[in-house]
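Engineer: Here's a structure for you.
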Amino acid sequence: MSTITAEELSATTLLRFATAGSVDDGKSTLVGRLLHDSKSILTDQLEAVERVSADRGQEGPDLALLTDGLRAEREQGITIDVAYRYFATTRRRFILADTPGHVQYTRNMVTGASTAELTVILVDARNGVVEQTRRHAAIAALLRVPHVVLAVNKMDLVAYEEQVFAGIAEEFTAYASELGVPEITAIPISALAGDNVVEPSANMDWYGGPTVLEHLETVPVAHDLSHCHARLPVQYVIRPQTAEHPDYRGYAGQIAAGSFRVGESVTVLPSGRTSKISGIDLLGEPVDVAWTTQSVTVLLEDDIDISRGDLIVPSKDAPATTQDIEATVCHVADLPLTVGHRVLLKHGTRTVKAIVKDIPSRLTLDDLSLHPHPGQLVANDIGRVKVRTAEALPVDSYADSRRTGSFILIDPSDGTTLTAGMVGESFASPEPVKDEAEDDGWDF
């Protein structure tokens, strides 16, 4: 395994990306090939894979075993859980999520891609664009993933024909563009043979674009969220009440977006009380400014009733609070989501009671048409919902903030996650629909 110095590592940027595709499209093999050819595998890991592959009678190492870690995955030859891997080159650090391809595990793709800045969607060159390809493209668009790579895999099984690749790339690009995906890059590959994964392919001289790794290393990544709406969800109130800190009251949490400075006027939501930041502690040391993803403790000039679930925001940039939320959702549970369904809504660090007031539409993946008032959403459905909460929440549009514009719906009986929601408009936004449903006696 090649070594990267600490100086080189600190100088590189970080890219979070996810892989998706239908069953047997070669996602795990692609990830294994990336790790293997970029020399990001430890010797003992490779030896273990070679040993298992030999026991199965395979001539070479099955690189998919590097990510398919569950016993059930290795026995069935499929990916079930989201497999996270961390690796680095001299140009960039990576956190990748290898997500499942089977329809029943699509919900795990939502998990893996929710924090991704790039999604690699694989297509079998023999099969072309299928329903699951469309579903993964729709989820990537719904989650506002800024970069999508179409990896047309198994080109070796179609004799590396340029026309096959061009036809698939044209069909997918047209579909994804209609969904609003901002950037699509198509790359012909063979994960098994290594063509265009890390090294350029000698079998496809008609292709002059980047390899998968080259694109991953050079794609622009916008990590600077310091100009976004500043948001700090409170996770914990720190009151040591010791002789050394008798009056210390700090509000701890991870900054979801933007930056905060000492002396800045802030508002606490949903109460609407205002104060000024008197201090910021980072890793036990006072600092003047803190920004996105840093875990900090904020001290205020005034004693305000603040608890877990509250949101600290700049007074000049405070979001509106509302009990009525309309969002595009991906339903991830086996239990259908129905109108009148009583749920818990988790937004940031706050969890409140809620009721599903309406399901205006469900997205049809084949032609992107909207099926009005379906009455329910079943597993893997994408649609629009209207939810009313028992308490007002400070929500942003998902287009403005992926952290504070998202939520999940939870079954209050057993804690099962039902639905992942993105506040505001999206590609699945329907025409306004009159709310004809009765309140069902649960009026907030």
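Engineer: Out of all the residues in segment 391-420, which are in a loop (DSSP other than H, G, I, E, B) and open to solvent by less than 30 Å² (accessible area, probe 1.4 Å)?
Structural biologist: Residues satisfying the conditions are Val395, Asp396, Tyr398, Ser401, Thr404, Gly405, Asp411.
Engineer: Say we look at segment 239-286 and pick out the residues that are hydroxyl-bearing (Ser, Thr, Tyr) and closer than 19 Å to Ile306 by Cβ; which of these is modelled with the lowest pLDDT?
Structural biologist: Tyr248
Engineer: If the Cβ limit is 7 Å and pairs must be 6+ apart or interchain, which residue in segment 348-377 that is touching a residue at least 12 places away in the same chain (Cβ under 8 Å) and assigned to a loop (DSSP other than H, G, I, E, B) pairs with which residue that is among the hydroxyl-bearing types (Ser, Thr, Tyr) and open to solvent by 20 Å² or more (accessible area, probe 1.4 Å)?
Structural biologist: Every condition considered, the pairs that remain are Gly375/Thr338.
Engineer: Still on this structure: Given the conditions (1) at pLDDT below 95; (2) touching an Asp or Glu at 6+ places or on another chain (Cβ under 7 Å), report the number of the one that His371 does not fulfil.
Structural biologist: (2)
Engineer: Being assigned to a strand (DSSP E or B) and open to solvent by less than 40 Å² (accessible area, probe 1.4 Å): is that true of Arg388 here? Quick ask: steps written out before the conclusion?
Structural biologist: Details: assigned to a strand (DSSP E or B): yes; open to solvent by less than 40 Å² (accessible area, probe 1.4 Å): no.
No; evaluated as a whole, the condition is false for this residue.
Engineer: Working only within segment 269-304, note down all residues that are closer than 13 Å to Gly250 by Cα and β-branched (Val, Ile, Thr).
Structural biologist: Ile277, Ile280, Val296, Thr297, Val298, Ile304
Engineer: So, one more: Which one of these does Val332 not meet: (1) under 23 Å from the mean Cα position of the chain (by Cα); (2) over 23 Å from Glu391 (Cα atoms); (3) open to solvent by 60 Å² or more (accessible area, probe 1.4 Å)?
Structural biologist: Against the list (1) under 23 Å from the mean Cα position of the chain (by Cα); (2) over 23 Å from Glu391 (Cα atoms); (3) open to solvent by 60 Å² or more (accessible area, probe 1.4 Å), Val332 comes up short only on (3).
Engineer: Of the residues Ala125, Ala113, Ala151, Ala137, which is farther than 17 Å from Val197 by Cα, in contact with a strand residue (DSSP E or B) (Cβ under 8 Å, 6 or more places away or on another chain) and modelled with pLDDT of 90 or more? Talk me through it step by step, then tell me what you get.
Structural biologist: Working: Ala125 fails: farther than 17 Å from Val197 by Cα; Ala113 fails: modelled with pLDDT of 90 or more; Ala151 fails: farther than 17 Å from Val197 by Cα.
Within the list Ala125, Ala113, Ala151, Ala137, the selection yields Ala137.
Engineer: Of Arg85, Arg33, Arg93, which residue is in a strand (DSSP E or B), modelled with pLDDT under 85 and at negative phi? Spell out how you get there, then give the answer.
Structural biologist: Numbers: Arg33 fails: in a strand (DSSP E or B); Arg93 fails: modelled with pLDDT under 85.
Step by step, each of Arg85, Arg33, Arg93 is checked, and only Arg85 is in a strand (DSSP E or B), modelled with pLDDT under 85 and at negative phi.
Engineer: For the structure I just gave you, tell me whether Thr338 is among the β-branched types (Val, Ile, Thr), out of contact with any Phe, Trp or Tyr (no Cβ under 7 Å at 6 or more places or on another chain) and under 30 Å from Cys228 (Cα atoms). Even if it seems obvious, please write down each step before you answer.
Structural biologist: Numbers: among the β-branched types (Val, Ile, Thr): yes; out of contact with any Phe, Trp or Tyr (no Cβ under 7 Å at 6 or more places or on another chain): yes; under 30 Å from Cys228 (Cα atoms): no.
Judged against the criteria, Thr338 is not a match.
Engineer: Would you check if there is a residue in segment 131-146 being of a type outside the set (S, T, N, Q) and farther than 30 Å from His347 by Cβ? Walk me through how you get there before you give the answer.
Structural biologist: Looking only at segment 131-146, we keep the residues that are of a type outside the set (S, T, N, Q), and these are 131, 134-146.
So of that shortlist, the ones also farther than 30 Å from His347 by Cβ come out as 131.
The answer is yes, given that some residue of segment 131-146 is of a type outside the set (S, T, N, Q) and farther than 30 Å from His347 by Cβ.
The values are calculated or read from the model by the stated rules, or taken from the named source; none is laboratory data. No experiment lies behind these values; they were computed from the predicted model shown. Cβ: placed from backbone, ideal geometry, glycine included. Neighbour counts: every protein chain shown. SASA here: full protein model, heavy atoms, side chains in, ligands and nucleic acids out. Shrake-Rupley method; radii C 1.70, N 1.55, O 1.52, S 1.80 Å.
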